[in-house]
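Remarks on the structure that follows.
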């Protein structure tokens, strides 16, 4: 359990797998990942990559809210059906600055502020 009392992803994986009566191998197959990857995530040895985490949440039947600026940019861009280039132009950012922010790279505070305004305008 997380320090704030929430059940972690890895705990949810284990609980859901056991409730469904599945082995790690079968659960991993359903998700579309290797059993070794499942085992490493469920044991807490590794954190899943973003795409794997999305697959796991989908398997769990949970749609987590975007948290990071990158996740929020991708979600907003996806809802609006925009390419990265189109979204960057709308936000008044260069495509490279928008991409860095979306991918979680080193981003200037001004870029983040501009992106926040763009996201806030289209919720």
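Within segment 93-113, residues that are on the phi < 0 side of the Ramachandran plot have Cβ atoms under 6 Å from residues that are loosely packed, with under 13 Cβ neighbours inside 10 Å in these pairs: 95/85, counting only partners at least 6 apart in sequence or on another chain.
I need the full set of residues from segment 7-45 which are outside any helix (DSSP H, G or I) and farther than 18 Å from residue 61 by Cα, in order please. Selection gives 23, 34, 44, 45.
Where helices (runs of 4 or more DSSP H) sit wholly within segment 59-120, none has at least 3 residues that are modelled with pLDDT of 90 or more, in contact with a strand residue (DSSP E or B) (Cβ under 9 Å, 6 or more places away or on another chain) and under 30 Å from residue 24 (Cβ atoms). For residue 80, the criteria (1) assigned by TED's automatic domain parsing to the domain that holds residue 113; (2) free of Cβ contacts under 8 Å to residues at least 40 places away in the same chain; (3) surrounded by fewer than 17 Cβ atoms within 10 Å (Cβ to Cβ); (4) touching a helix residue (DSSP H, G or I) at 6+ places or on another chain (Cβ under 8 Å) hold in every case but one, which is (2). Among the residues of segment 36-48, not a single one is within 30 Å of residue 119 (Cα to Cα) and modelled with pLDDT under 85.
The residues in segment 42-62 that are under 15 Å from the mean Cα position of the chain (by Cα) and closer than 18 Å to residue 20 by Cα can be counted, and the count is 8.
The values are calculated or read from the model by the stated rules, or taken from the named source; none is laboratory data. Model, not experiment: these values are computed from the prediction. Positions of Cβ are generated from backbone atoms using ideal geometry, with glycine treated the same way; all protein chains shown enter the neighbour counts.
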